[in-house]
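Chemist: One structure is given below, represented as C-alpha coordinates, and several questions about it will come after.
The values are calculated or read from the model by the stated rules, or taken from the named source; none is laboratory data. These numbers were taken from a predicted model, which means no experiment stands behind them. We place every Cβ from the backbone using ideal geometry, glycine too, and count neighbours over all the protein chains shown.
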Amino acid sequence: MGTAVDGLRQTFEESIANGDIYFVLNLAEVVMIDSSGIGLLVRFLASTKQRGGNIKLVQPNKFAVQTLRLVGVLNLFEIFDDDDAAADSFN
Amino acid sequence: MPAEFSDGSEDHALSDLSDVSMPATSEAIATVVDTISDTLTQLQVPEQKRFEIALAVQEALANAVVHGCGNDPSKQVRCRLQSDPRGRIVIIVTDPGPGFGQNLVPDPKQRENLYVDHGRGVYLIRQLMDEVHFENSGSEIRMWKY
(Lines give C-alpha, C1' and ligand atoms only; values in the text may rest on other atoms or scores of the structure.)
Protein backbone atom coordinates (compact mmCIF):
# COMPACT_ATOMS: atom_id res chain seq x y z
CA MET A 1 0.00 0.00 0.00
CA GLY A 2 1.07 3.57 -0.55
CA THR A 3 4.77 4.27 -0.83
CA ALA A 4 5.75 0.59 -0.62
CA VAL A 5 3.60 -0.32 -3.61
CA ASP A 6 4.64 2.84 -5.46
CA GLY A 7 8.31 2.00 -4.91
CA LEU A 8 7.92 -1.56 -6.14
CA ARG A 9 5.91 -0.36 -9.15
CA GLN A 10 8.68 2.04 -10.10
CA THR A 11 11.30 -0.68 -9.73
CA PHE A 12 9.31 -3.06 -11.92
CA GLU A 13 8.68 -0.41 -14.57
CA GLU A 14 12.34 0.61 -14.73
CA SER A 15 13.53 -2.99 -14.84
CA ILE A 16 11.12 -3.98 -17.59
CA ALA A 17 12.08 -0.85 -19.53
CA ASN A 18 15.68 -2.05 -19.25
CA GLY A 19 14.69 -5.39 -20.77
CA ASP A 20 14.65 -7.46 -17.56
CA ILE A 21 12.08 -10.26 -17.58
CA TYR A 22 13.24 -12.57 -14.76
CA PHE A 23 12.45 -11.40 -11.24
CA VAL A 24 13.03 -12.85 -7.77
CA LEU A 25 10.94 -11.04 -5.17
CA ASN A 26 11.93 -11.67 -1.56
CA LEU A 27 8.90 -11.09 0.68
CA ALA A 28 10.50 -12.16 3.97
CA GLU A 29 10.11 -8.71 5.51
CA VAL A 30 6.63 -8.05 4.11
CA VAL A 31 4.27 -8.20 7.08
CA MET A 32 1.04 -7.90 5.12
CA ILE A 33 0.12 -7.78 1.44
CA ASP A 34 -3.07 -5.96 0.50
CA SER A 35 -5.16 -5.76 -2.65
CA SER A 36 -3.04 -2.97 -4.14
CA GLY A 37 0.10 -5.07 -3.69
CA ILE A 38 -1.60 -8.11 -5.18
CA GLY A 39 -2.82 -6.03 -8.10
CA LEU A 40 0.73 -4.86 -8.75
CA LEU A 41 2.14 -8.40 -8.57
CA VAL A 42 -0.36 -9.93 -11.00
CA ARG A 43 -0.10 -7.01 -13.40
CA PHE A 44 3.66 -7.33 -13.66
CA LEU A 45 3.48 -11.12 -13.66
CA ALA A 46 1.32 -10.87 -16.77
CA SER A 47 3.69 -8.32 -18.26
CA THR A 48 6.81 -10.46 -17.69
CA LYS A 49 5.11 -13.65 -18.91
CA GLN A 50 4.13 -11.89 -22.12
CA ARG A 51 7.85 -11.26 -22.63
CA GLY A 52 8.82 -14.85 -21.84
CA GLY A 53 9.85 -14.15 -18.26
CA ASN A 54 8.44 -14.74 -14.80
CA ILE A 55 8.30 -13.50 -11.18
CA LYS A 56 9.30 -15.95 -8.42
CA LEU A 57 8.38 -15.29 -4.78
CA VAL A 58 10.69 -16.05 -1.85
CA GLN A 59 9.66 -16.57 1.78
CA PRO A 60 6.21 -14.98 1.88
CA ASN A 61 4.89 -15.23 5.43
CA LYS A 62 1.80 -17.30 6.24
CA PHE A 63 -0.47 -14.27 6.08
CA ALA A 64 0.77 -13.26 2.64
CA VAL A 65 0.23 -16.82 1.41
CA GLN A 66 -3.24 -16.83 2.96
CA THR A 67 -4.13 -13.54 1.28
CA LEU A 68 -2.86 -14.64 -2.13
CA ARG A 69 -4.87 -17.86 -1.76
CA LEU A 70 -8.04 -15.99 -0.69
CA VAL A 71 -8.13 -14.02 -3.93
CA GLY A 72 -7.23 -17.01 -6.05
CA VAL A 73 -3.79 -15.95 -7.33
CA LEU A 74 -1.46 -18.08 -5.18
CA ASN A 75 -1.18 -20.72 -7.89
CA LEU A 76 -0.02 -18.13 -10.42
CA PHE A 77 3.30 -17.88 -8.58
CA GLU A 78 6.14 -20.28 -7.79
CA ILE A 79 7.32 -19.92 -4.20
CA PHE A 80 10.83 -20.67 -2.91
CA ASP A 81 12.60 -20.83 0.43
CA ASP A 82 15.62 -18.81 -0.66
CA ASP A 83 16.77 -16.40 -3.35
CA ASP A 84 19.31 -18.77 -4.92
CA ALA A 85 16.77 -21.53 -5.44
CA ALA A 86 14.40 -19.05 -7.02
CA ALA A 87 17.12 -17.69 -9.32
CA ASP A 88 18.29 -21.20 -10.26
CA SER A 89 14.75 -22.09 -11.30
CA PHE A 90 15.11 -19.79 -14.30
CA ASN A 91 17.92 -21.95 -15.72
CA MET B 1 -29.84 1.15 12.24
CA PRO B 2 -28.51 -1.74 14.35
CA ALA B 3 -26.74 -4.47 12.43
CA GLU B 4 -28.65 -7.73 12.37
CA PHE B 5 -26.65 -10.89 12.87
CA SER B 6 -27.23 -14.29 11.39
CA ASP B 7 -28.35 -15.41 14.87
CA GLY B 8 -31.03 -12.68 14.93
CA SER B 9 -29.42 -10.51 17.61
CA GLU B 10 -28.55 -6.84 17.17
CA ASP B 11 -25.53 -4.71 18.00
CA HIS B 12 -26.87 -3.10 21.18
CA ALA B 13 -24.57 -2.04 24.01
CA LEU B 14 -21.48 -1.46 21.93
CA SER B 15 -18.42 -0.09 23.72
CA ASP B 16 -16.10 2.34 21.98
CA LEU B 17 -12.49 1.13 21.82
CA SER B 18 -11.27 3.87 19.52
CA ASP B 19 -12.73 6.60 17.34
CA VAL B 20 -10.40 8.43 14.98
CA SER B 21 -10.77 10.74 12.02
CA MET B 22 -7.93 10.83 9.52
CA PRO B 23 -7.03 12.80 6.40
CA ALA B 24 -7.53 10.91 3.16
CA THR B 25 -3.91 9.85 2.63
CA SER B 26 -2.20 6.48 2.40
CA GLU B 27 0.17 7.50 5.19
CA ALA B 28 -2.76 8.04 7.54
CA ILE B 29 -4.11 4.58 6.67
CA ALA B 30 -0.96 2.92 7.97
CA THR B 31 -1.11 4.90 11.21
CA VAL B 32 -4.75 3.98 11.88
CA VAL B 33 -4.19 0.31 11.04
CA ASP B 34 -1.22 0.23 13.42
CA THR B 35 -3.30 1.86 16.16
CA ILE B 36 -6.11 -0.66 15.76
CA SER B 37 -3.65 -3.56 15.71
CA ASP B 38 -2.09 -2.28 18.95
CA THR B 39 -5.52 -2.02 20.56
CA LEU B 40 -6.38 -5.57 19.51
CA THR B 41 -3.06 -6.79 20.90
CA GLN B 42 -3.86 -5.14 24.23
CA LEU B 43 -7.22 -6.93 24.17
CA GLN B 44 -5.32 -10.21 23.67
CA VAL B 45 -7.02 -10.89 20.36
CA PRO B 46 -5.23 -13.87 18.75
CA GLU B 47 -2.67 -13.15 16.01
CA GLN B 48 -4.67 -14.73 13.20
CA LYS B 49 -7.76 -12.69 14.04
CA ARG B 50 -5.67 -9.52 14.43
CA PHE B 51 -4.23 -10.02 10.98
CA GLU B 52 -7.65 -10.58 9.40
CA ILE B 53 -9.11 -7.48 11.06
CA ALA B 54 -6.07 -5.33 10.23
CA LEU B 55 -6.14 -6.28 6.55
CA ALA B 56 -9.90 -5.72 6.33
CA VAL B 57 -9.50 -2.29 7.96
CA GLN B 58 -6.68 -1.42 5.58
CA GLU B 59 -8.82 -2.35 2.58
CA ALA B 60 -11.82 -0.42 3.89
CA LEU B 61 -9.73 2.67 4.59
CA ALA B 62 -8.07 2.45 1.18
CA ASN B 63 -11.48 2.30 -0.49
CA ALA B 64 -12.61 5.29 1.57
CA VAL B 65 -9.52 7.32 0.69
CA VAL B 66 -9.44 6.47 -3.02
CA HIS B 67 -13.11 6.14 -3.92
CA GLY B 68 -14.87 8.04 -1.12
CA CYS B 69 -12.48 10.98 -0.96
CA GLY B 70 -10.83 10.92 -4.38
CA ASN B 71 -7.41 11.01 -2.67
CA ASP B 72 -8.19 14.53 -1.47
CA PRO B 73 -6.24 15.00 1.79
CA SER B 74 -8.53 17.83 2.85
CA LYS B 75 -11.32 15.25 3.27
CA GLN B 76 -11.70 13.11 6.37
CA VAL B 77 -12.34 9.41 6.92
CA ARG B 78 -13.72 8.23 10.26
CA CYS B 79 -12.80 4.85 11.71
CA ARG B 80 -14.46 3.47 14.84
CA LEU B 81 -13.53 0.30 16.70
CA GLN B 82 -16.16 -1.10 19.05
CA SER B 83 -16.97 -4.32 20.86
CA ASP B 84 -20.13 -5.84 22.30
CA PRO B 85 -20.60 -7.70 25.62
CA ARG B 86 -19.95 -11.00 23.85
CA GLY B 87 -16.50 -9.84 22.75
CA ARG B 88 -17.45 -9.41 19.14
CA ILE B 89 -15.60 -6.61 17.38
CA VAL B 90 -17.00 -4.15 14.88
CA ILE B 91 -15.11 -1.63 12.79
CA ILE B 92 -17.05 1.17 11.13
CA VAL B 93 -15.39 3.17 8.36
CA THR B 94 -17.22 6.24 7.06
CA ASP B 95 -16.25 8.52 4.18
CA PRO B 96 -17.92 11.66 2.75
CA GLY B 97 -18.37 10.17 -0.72
CA PRO B 98 -21.56 9.19 -2.54
CA GLY B 99 -21.02 5.47 -1.97
CA PHE B 100 -20.77 2.77 -4.63
CA GLY B 101 -22.60 -0.25 -5.99
CA GLN B 102 -21.12 -2.82 -3.65
CA ASN B 103 -23.15 -5.60 -5.25
CA LEU B 104 -21.55 -4.86 -8.61
CA VAL B 105 -18.06 -5.84 -7.44
CA PRO B 106 -16.83 -8.62 -9.76
CA ASP B 107 -15.51 -11.94 -8.47
CA PRO B 108 -11.69 -11.58 -8.63
CA LYS B 109 -11.28 -15.38 -8.72
CA GLN B 110 -12.94 -15.67 -12.10
CA ARG B 111 -10.38 -16.64 -14.73
CA GLU B 112 -10.85 -13.42 -16.71
CA ASN B 113 -10.13 -11.33 -13.57
CA LEU B 114 -7.03 -13.10 -12.23
CA TYR B 115 -4.56 -10.70 -13.84
CA VAL B 116 -6.64 -7.56 -13.31
CA ASP B 117 -4.79 -5.08 -11.07
CA HIS B 118 -7.80 -3.84 -9.08
CA GLY B 119 -11.15 -4.93 -7.67
CA ARG B 120 -10.08 -7.25 -4.82
CA GLY B 121 -10.60 -5.01 -1.79
CA VAL B 122 -14.28 -5.59 -1.03
CA TYR B 123 -13.94 -9.27 -1.89
CA LEU B 124 -11.08 -9.58 0.61
CA ILE B 125 -13.06 -7.80 3.32
CA ARG B 126 -15.97 -10.19 2.86
CA GLN B 127 -13.62 -13.17 3.06
CA LEU B 128 -11.78 -11.92 6.14
CA MET B 129 -14.71 -10.75 8.27
CA ASP B 130 -17.76 -12.57 9.64
CA GLU B 131 -20.41 -9.96 8.86
CA VAL B 132 -20.14 -7.02 6.47
CA HIS B 133 -22.84 -4.39 6.03
CA PHE B 134 -22.83 -1.33 3.81
CA GLU B 135 -24.83 1.72 4.87
CA ASN B 136 -25.57 5.08 3.23
CA SER B 137 -25.25 3.68 -0.30
CA GLY B 138 -21.83 2.27 0.55
CA SER B 139 -20.16 5.32 2.08
CA GLU B 140 -20.15 3.50 5.43
CA ILE B 141 -19.01 -0.07 6.00
CA ARG B 142 -19.59 -2.05 9.19
CA MET B 143 -17.38 -5.09 9.55
CA TRP B 144 -17.89 -7.63 12.32
CA LYS B 145 -15.44 -10.18 13.66
CA TYR B 146 -16.71 -12.73 16.17
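Chemist: Considering only residues that are among the polar types (S, T, N, Q) and at pLDDT 95 or above, which ones fall in region A:57-91? Don't jump to the end; show me each part of the working.
Modeler: Quick first cut of region A:57-91, residues among the polar types (S, T, N, Q) only: A:59, A:61, A:66-67, A:75, A:89, A:91.
Across region A:57-91, the qualifying residues are A:Q59, A:N61, A:Q66, A:T67, A:N75, A:S89.
Chemist: Here is a follow-up. Give B:C69, B:C79 a once-over and let me know the one that is within 10 Å of the chain's Cα centre (by Cα), closer than 24 Å to A:T3 by Cα, more than 14 Å from chain A (Cβ to nearest Cβ) and in contact (Cβ under 8 Å) with a residue 12 or more places away in the chain.
Modeler: B:C79
Chemist: Those residues that are in a helix (DSSP H, G or I) and touching a residue at least 40 places away in the same chain (Cβ under 8 Å), I need them from region B:106-131; list them, please.
Modeler: Going through region B:106-131, the residues in a helix (DSSP H, G or I) turn out to be B:111-113, B:121-128.
Answer for region B:106-131, where residues must be in a helix (DSSP H, G or I) and touching a residue at least 40 places away in the same chain (Cβ under 8 Å): B:G121, B:V122, B:L124, B:I125, B:L128.
Chemist: A further question on this structure: Quick one: would you say A:V71 is within 14 Å of another protein chain (Cβ to nearest Cβ), within 28 Å of B:V66 (Cα to Cα) and within 12 Å of the chain's Cα centre (by Cα)?
Modeler: no
Chemist: Kindly indicate whether any position in region B:91-101 is surrounded by 14 or more Cβ atoms within 10 Å (Cβ to Cβ) and at pLDDT below 90.
Modeler: Within region B:91-101, one or more residues are surrounded by 14 or more Cβ atoms within 10 Å (Cβ to Cβ) and at pLDDT below 90.
Chemist: Name the residues in region B:87-146 that are within 14 Å of chain A (Cβ to nearest Cβ), among the charged types (D, E, K, R) and either out of contact with any Ser or Thr (no Cβ under 6 Å at 6 or more places or on another chain) or farther than 19 Å from B:V57 by Cβ (or both), would you?
Modeler: Passing the criteria: B:D107, B:K109, B:R111, B:E112, B:D117, B:R126.
Chemist: Residues that are surrounded by 20 or more Cβ atoms within 10 Å (Cβ to Cβ), at least 2 per element: which helices (runs of 4 or more DSSP H) completely within chain A meet that?
Modeler: Here the list reads A:35-50, A:62-70.
Chemist: I'm trying to understand the selection: among the residues of region B:5-30, which are part of a helix (DSSP H, G or I) and either at pLDDT 95 or above or acidic (D, E) (or both)? Explain how you work it out, then say what you get.
Modeler: Here is the first cut: in region B:5-30, the ones part of a helix (DSSP H, G or I) are B:26-30.
Of everything in region B:5-30, those that are part of a helix (DSSP H, G or I) and either at pLDDT 95 or above or acidic (D, E) (or both) turn out to be B:E27, B:A28, B:I29.
Chemist: Considering only residues that are more than 28 Å from A:V73 (Cβ to Cβ), of a type in the set (K, R) and out of contact with any Lys or Arg (no Cβ under 9 Å at 6 or more places or on another chain), which ones fall in region B:74-128?
Modeler: If the condition is that a residue be more than 28 Å from A:V73 (Cβ to Cβ), of a type in the set (K, R) and out of contact with any Lys or Arg (no Cβ under 9 Å at 6 or more places or on another chain), then B:K75, B:R78, B:R80, B:R86 are the ones that fit.
Chemist: While we're looking at this one, here's another question. Of the residues that make up region A:13-35, is at least one facing chain B (nearest Cβ under 9 Å) and not aliphatic (A, V, I, L, M)?
Modeler: yes
Chemist: Can you find even one residue in region A:51-73 that is touching a residue at least 60 places away in the same chain (Cβ under 8 Å) and farther than 27 Å from B:E47 by Cβ?
Modeler: no
Chemist: Give the residue, chosen from B:K49, B:K109, that is basic (K, R) and within 16 Å of the chain's Cα centre (by Cα).
Modeler: Details: B:K109 fails: within 16 Å of the chain's Cα centre (by Cα).
The match here is B:K49.
Chemist: Checking the structure you have, find out if any residue of region A:12-25 is in contact (Cβ under 8 Å) with a residue 60 or more places away in the chain and touching a helix residue (DSSP H, G or I) at 6+ places or on another chain (Cβ under 9 Å).
Modeler: From region A:12-25, those in contact (Cβ under 8 Å) with a residue 60 or more places away in the chain are A:22, A:24; that's our starting set.
Now restrict to residues that are touching a helix residue (DSSP H, G or I) at 6+ places or on another chain (Cβ under 9 Å): A:22, A:24.
So far as region A:12-25 goes, yes, one or more of its residues are in contact (Cβ under 8 Å) with a residue 60 or more places away in the chain and touching a helix residue (DSSP H, G or I) at 6+ places or on another chain (Cβ under 9 Å).
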